[in-house]
Amino acid sequence: MKPDRIVAGAAFLAHAAVAGRYDFFRDELYFIACGRHPAFGYVDQPPLVPLLAAGSQVFGQHLVPLRLVPALAAVALVLVTGALARRVGAGPHGVVAASLAAAFAPMYLGLTTTLSTTTFEPVAWTLVALLVGRAVIDGEARAWILAGLVCGITLQAKYEIPLYLAPLGVALVLTGHARALARRELALGLALAAVIAAPSAVWQLTHGLPFPDLMRAGAAGKNVVLAPLAFVANQVQVMNPLLAPLWLAGVAAPFVDRRFAPWRFVSVAFVLTFALVIALHGKDYYMAPGYAAVFALGGAALEAWVRSRVARVAYLVAALALSAVAAPLAMPILDPPVLARYMRALHANPTPTETSRQSAIPQEFADMVGWRQYVKQVAEVFRSLPPEDQRRAALLTGNYGEAAAIDFYGPAEGLPPAISGHNQYWYWGRRSHDGSVVLRINGDERIWRARCRSLAVAGRFGGPYVMPYEDDAPILLCRGMKTPLPDLWFTLKHID
């Protein structure tokens, strides 16, 4: 059996072992809600991931089927990375090195634990690099068409791949492959990608281009912005410091070893993409999809340059050991109290991606706890209302996570669907509510007291290890909005 297949199997088992841990992630609940409102696009993502998320729940509320989707993405990433390593000249040891890095780099462990729009980006970028190599080095013209197919499908999951394609095009020109860009098959591939991506693009155009608004909101203060050197240091950390020599070797190999010279475009594309992400103040995971391709080159270089098998094995064992230490910070392995103690023992303080105040555990885990309890706390307040008020009450939440949790867990508690002004929920509207009775969940009491003829704090929600802005948060009972909800609805819109 090929070594990368063994590594892929190990990666799948690692993800399957934790697939039922914790609870649904905030965004996973939101994706399910979006997928149950099928559309060609949404405010903050194309339709593929929401449809997959909703499809995973057709037989009931089960976390494991949803989490097996990103586990399969992890498998695909390992296999594609192994294929690229073989194509650039790696033997079995080089393939193992590249495959292990793609399987167990901490950032990749995290990205393929929960279902997100980024889950499929690493395998897509790496597959594009492999296909472009087949097109420009092997002369397989149809590989351009296959690359276009991959890009089109990927654009139905996330809009990020142009962040790699633009530097890749520049890299091909800079490394002497400009003539390959004039191939008819490349034009066909680009056309195919555009056709596949068109429905989501049309949705964005017909809804006022909300996604660019979302990106501007992130750049305006929601996202943590790191200085260039701090960004580089963070990348070394999140990808595993001991794997840095591997990907750095992959970047350098085509320029210092003639055997790898045809693959210079991969290295140049990586460096240009890295610079572009820094210039755009991107989050740390924006760069993550680019590493697998240089891991493939690095695996081949490791095998070619380090003759001692013992030295190669010792290096990989050390790198895997460090990834094992970091794994609880990327995957839901430890229960929250144990994780908090583990982080303190390691003096670990992962760099947050957003500026909001953080929990005692990383945000990725804080957003996987407390949702069932939250819905029960809302339901307790809802059931305390007179029957007539229950029939009229609108459950207005502060963000899409709170709304999606109610829509997912709420029916079992007798709750009506939630409404919210956040992202896609605003486009779904107020569900005919007039504002005569509103449970404003996580609202600002000062603002809502001015909006309501009568306002009371009817309850609170929260719990240990949730995000601070959702701990001990109020549930406000508003009776008789001074401005009817239909007239106020536009002012409740917020995209971020």
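The values are calculated or read from the model by the stated rules, or taken from the named source; none is laboratory data. The shown structure was predicted, so the numbers you read here are calculated from the model rather than taken from an experiment. All Cβ positions, glycine included, derive from the backbone under ideal geometry; neighbour counts span all protein chains shown. Only protein heavy atoms, including side chains, enter the accessible area calculation; ligands, DNA and RNA are left aside. Shrake-Rupley method; radii C 1.70, N 1.55, O 1.52, S 1.80 Å.
Before moving on, here are some points about what is shown:
- DSSP beta bridges in the chain [antiparallel fraction, %, rounded to 5]: 65
- Percentage relative contact order, region 1-107, counting C-alpha pairs under 8 Å, at least six apart: 37
- Percent carbon-and-sulfur accessible area, the chain, ignoring ligands, DNA and RNA, probe 1.4 Å: 65
- Of the DSSP H helices in the chain, those whose Cα atoms cover at least 24 Å axially and whose Kyte score averages 1.6 or more: 63-87, 309-326
- Accessible area per residue, Å², the chain with all protein chains present, probe 1.4 Å: 41
- Region 1-130 has equivalent-ellipsoid semi-axes of 29, 16, 10 Å, by the square roots of 5 times the alpha carbon gyration tensor eigenvalues, sorted largest first.
- Reachable aspartates and glutamates, given that their alpha-carbon falls under 16 Å from the alpha-carbon of Lys376 and they are not under 8 places away in the same chain: Asp23, Glu402, Asp407, Glu413, Glu470, Asp471, Asp472
- Solvent-free Debye scattering, log10 I(q)/I(0), computed from the Cα coordinates of region 185-317 at q = 0.12, 0.15, 0.21 Å⁻¹: -0.67, -0.91, -1.20
- The protection proxy used here, the mean number of other Cβ atoms lying within 10 Å of each residue, ranks peptides 3-11, 96-104 as follows, highest first: 96-104, 3-11.
- Full extension of the chain between Asp335 and Glu445 gives 36.2 nm of extra length, using 0.36 nm per residue less the Cα-Cα distance.
- Applying 1/(1 + (r/R0)^6) with r as the Cβ-Cβ distance of Val225 and Tyr469 and R0 = 25 angstrom yields a FRET efficiency of 0.80.
- The ratio of the alpha-carbon radius of gyration of region 124-179 to the globular-protein estimate 2.2 N^0.38 Å is 1.09.
- Percent of Cα pairs exceeding the 28 Å cut-off, where the set is region 73-223: 28
- Unmatched cysteines, the chain - criterion: no other Cβ of a Cys under 4.7 angstrom: Cys34, Cys151
- Kirkwood-Stokes translational diffusion coefficient of region 236-284, alpha-carbon pairs, 20 °C, 1.002 mPa s, µm²/s: 181
- Kirkwood hydrodynamic radius of the chain, from the reciprocal of the average inverse Cα-Cα distance over all distinct pairs: 24.1 Å.
- Projected onto its three principal axes, the C-alpha set of region 254-318 covers 42, 29, 13 Å, listed from the longest axis down.
- Close amide H pairs (under 5 Å, H built 1.01 Å from N) link His422 with His494, residues at least 5 positions away or on another chain.
- Note on Arg309/Arg258: beta-carbon distance plugged into 1/(1 + (r/R0)^6) with R0 of 22 Å gives a FRET efficiency of 0.40.
- Note on region 49-115: Cα-only Rg and Dmax are 14.8, 47 Å.
- Look at where the Cα atoms of region 230-264 and of region 122-196 average out, and the two centres are 22 Å apart.
- Taking only Cα atoms of region 337-496, radius of gyration then Dmax in Å: 16.7, 54
- Sequence ranges 19-29, 307-317, ranked by mean other-Cβ count within 10 angstrom, highest first: 19-29, 307-317
- Using alpha carbons only, the radius of gyration of region 158-257 set against its Kirkwood radius gives Rg/Rh = 1.06.
- Shape analysis of region 271-413 places it in the prolate category; the axes a ≥ b ≥ c from the Cα gyration tensor give an a/c of at least 1.5, with a/b above b/c.
- Take every Cα pair under 8 Å whose residues are at least 6 apart in sequence, average their separation, divide by the length of the chain, and the relative contact order is 17 percent.
- Straight-line cross-link reach from Lys283 at under 23 Å between alpha-carbon atoms covers these lysines, not counting any fewer than eight positions away in the same chain: Lys158, Lys222.
- Rg over Rh for region 1-70 works out to 1.08, using Cα positions for both radii and the Kirkwood form for Rh.
- Calculated SAXS-style log₁₀ I(q)/I(0) at q = 0.22, 0.24, 0.28 Å⁻¹ - region 378-448, Debye, Cα scatterers: -0.99, -1.17, -1.48
- Extension gain, Leu174 back to Leu205 (0.36 nm per residue minus Cα-Cα distance, nm): 7.7 nm
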